[in-house]
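Chemist: My questions all concern the structure below.
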Amino acid sequence: MEKCLKQTFCFSLISMGTVVFAQQKISGRITDEGTLNMSSVLVVNITNNASVQSDDTGRFAIDAKENDEVRFVKEGYYRTSKKITREDLNAPLRISLKKMEIEIAEVKIKYNPTGNLAKDNQYLNESTKLRNLKSELGEYMLGPLNEPLPDNTVSKTFTGHDFKAGQVDLLGVFRTFSGLVKKATKPKITKASYFETQDFLARVKREINLDFLKKYGMDEEQIDKFLLYANGNRLLAKKNRKDFQIDVIEYEIKVAFAEYKKLNNLEGSNNKD
């Protein structure tokens, strides 16, 4: 009986020891090669397939026992493995991950310069096709537009409400009406006949002040000669015989005389007209 009790007690102790031993954990902190805490590092116990991730402070805790292999994995860093010792079960681990080097692709130079400038330039210069393409692009950019430019106006979608929409512009209507009336009432310009021209020039001599011509020593015959010149040069009868406006005709005559005076070297008695 006593022997059975001892066996039962020993079996219980062994069972309890096994449970305690199986529930052991290791903990620690993961940093980079400096002092930066590393979050989201995958911590894997290769022996029992348990896994966790480190928190924002780089800390972790995972089930493990002595002789288990624990691996630390993070993208861009070399994998680190550690075999757990008895000391690791009693003190926090300090794991440091080393960053992988970035390999730069090797660049091979196909052409080895010879030192001969003429030969090297011939090889390194742009190809004929590329030069022709650049030339054609340059001509295209400098050439005339083949399509009209877009209308430089703001879309109605982005403009405010037009408060004049639907309203009649009375001032604009009045101006249009006045222009139409003026255009309708103004006589049509037509070629003057010989007799219309003679009548027009006679009226000019009657109603237009031509005294400034006499200051240049011009007599009646010379004035008539000048008026014929002015009529041919400024189309006086054609443009003014139906709408005889004295101020307009005076201006046209003086413009014609300025040219006539130069052609005939006329000088007035007071050296001015």
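The values are calculated or read from the model by the stated rules, or taken from the named source; none is laboratory data. Note that the structure is predicted; figures quoted are calculated from it, not measured. Glycine also receives a Cβ, built like all others from the backbone with ideal geometry; neighbour counts cover every protein chain displayed.
Chemist: Check region 204-213 and report whether any residue there is within 30 Å of Asp247 (Cβ to Cβ) and at pLDDT below 85.
Modeler: If we filter region 204-213 for residues that are within 30 Å of Asp247 (Cβ to Cβ), which is where we start, we get 204-213.
Checking which are at pLDDT below 85 leaves us with none.
So far as region 204-213 goes, no, none of its residues is within 30 Å of Asp247 (Cβ to Cβ) and at pLDDT below 85.
Chemist: Also, I was wondering about something else. Taking region 225-257 only, how many residues are out of contact with any helix residue (DSSP H, G or I) (no Cβ under 8 Å at 6 or more places or on another chain) and not in a helix (DSSP H, G or I)?
Modeler: The total comes to 4.
Chemist: Follow-up question, since we're still on this one. Out of all the residues in region 75-95, is one or more surrounded by 14 or more Cβ atoms within 10 Å (Cβ to Cβ) and either at pLDDT 95 or above or of a type in the set (Gly, Ala, Ser) (or both)?
Modeler: No, because not a single residue in region 75-95 is surrounded by 14 or more Cβ atoms within 10 Å (Cβ to Cβ) and either at pLDDT 95 or above or of a type in the set (Gly, Ala, Ser) (or both).
Chemist: List the pairs whose first member sits in region 237-259 and is among the β-branched types (Val, Ile, Thr), whose second member is surrounded by fewer than 19 Cβ atoms within 10 Å (Cβ to Cβ), and whose Cβ atoms are under 7 Å apart, counting only residues at least 6 apart or on separate chains?
Modeler: Ile246/Glu207; Ile246/Ile208; Ile249/Ile208; Ile253/Ile208; Val255/Arg234
Chemist: Within region 102-114, track down each residue that is farther than 30 Å from Tyr77 by Cα and either modelled with pLDDT under 70 or surrounded by 10 or more Cβ atoms within 10 Å (Cβ to Cβ) (or both).
Modeler: Initially, region 102-114 is screened for residues farther than 30 Å from Tyr77 by Cα, giving 109-114.
Matches in region 102-114: Ile109, Lys110, Tyr111, Pro113, Thr114.
Chemist: So, in region 234-252, exactly how many residues are of a type outside the set (Lys, Arg), surrounded by 13 or more Cβ atoms within 10 Å (Cβ to Cβ) and in contact with a Lys or Arg (Cβ under 8 Å, 6 or more places away or on another chain)?
Modeler: Matching residues across region 234-252 total 2.
Chemist: What's the total number of residues in region 83-97 that are more than 16 Å from Arg59 (Cβ to Cβ) and part of a strand (DSSP E or B)?
Modeler: We begin by selecting, within region 83-97, every residue more than 16 Å from Arg59 (Cβ to Cβ); these are 83-87, 89-90.
If we keep only those that are part of a strand (DSSP E or B) as well, we get 83.
Within region 83-97, residues that are more than 16 Å from Arg59 (Cβ to Cβ) and part of a strand (DSSP E or B) number 1.
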